[in-house]
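All remarks here apply to the structure that follows.
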Amino acid sequence: MPSMTRSMYDSTNVFARILRGEIPATKIHETQRTLVIQDIFPQAPVHLLVLPKGAYTCFDDFMARASQEELIDLFSVVREVTRSKQLENTGYRIISNKGPEAGQEVPHFHIHILAGKKLGPLLGKDPSKEG
Ligand code: AMP
């Protein structure tokens, strides 16, 4: 494991603490490598977070260091959960924020699954156009 990347992972982040069982979360689905929880501040009627159990800071880190099994498991879980919630017909959005400009708050890689209402445009108001 590259020590530079590994040392950047903050193991006190909230998802690391949930994964260690130190703080509670509403668990929706779990495999050996992946956990799905309910977002604590839902932005839509369905707002789930898909987390790898390994220590990865973001999508880029996950793609660079995760095993094939972890990669396949995480993306299979996204599909499994969207199907079990019967979202494939009505639609859903999957998002992963990476870094400060994207607004990543928790430095443990996660994919948001949003659904259950008309979600509208991908981005909110463009901050550069605000007066
Ligand atoms: P991001 O901005 O992409 O890092 O998203 C972080 C998400 O984690 C936000 O949607 C938060 O509402 C959510 N969140 C923060 N703390 C918790 C928690 N304890 N349990 C579940 N979700 C959380």
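Only the coordinates and a few stated rules stand behind these numbers; no lab work does. Remember, it's a predicted structure, so these values are computed and weren't measured experimentally. Note that we place each Cβ from the backbone using ideal geometry, even for glycine, and neighbour counts take in every protein chain shown.
Residues in the stretch 23-69 that are crowded, with 19+ Cβ neighbours inside 10 Å and acidic (D, E): D61 only. Checked against (1) out of contact with any helix residue (DSSP H, G or I) (no Cβ under 7 Å at 6 or more places or on another chain); (2) hydrophobic (A, V, I, L, M, F, W, C); (3) more than 20 Å from V14 (Cα to Cα), I94 passes all but a single condition, namely (1). Close Cβ contacts (under 6 Å, 6 or more residues apart or on different chains) running from residues in the stretch 8-33 that are closer than 21 Å to E80 by Cα to residues that are surrounded by fewer than 15 Cβ atoms within 10 Å (Cβ to Cβ) comprise T26/Q38.
Looking across the stretch 70-111, the residues that are within 16 Å of the ligand (Cβ to nearest atom) and charged (D, E, K, R) come down to R93, K98, E101, E105. Only residues in the stretch 93-119 that are among the small types (G, A, S) count as the first member; pair them with residues that are assigned to a loop (DSSP other than H, G, I, E, B) and within 12 Å of the ligand (Cβ to nearest atom), Cβ under 8 angstrom, at least 6 apart or cross-chain, and list the lot. Partner pairs satisfying both residue conditions: S96/C58; S96/F109; S96/H110; G99/C58; G103/N97; A115/A44; G116/A44.
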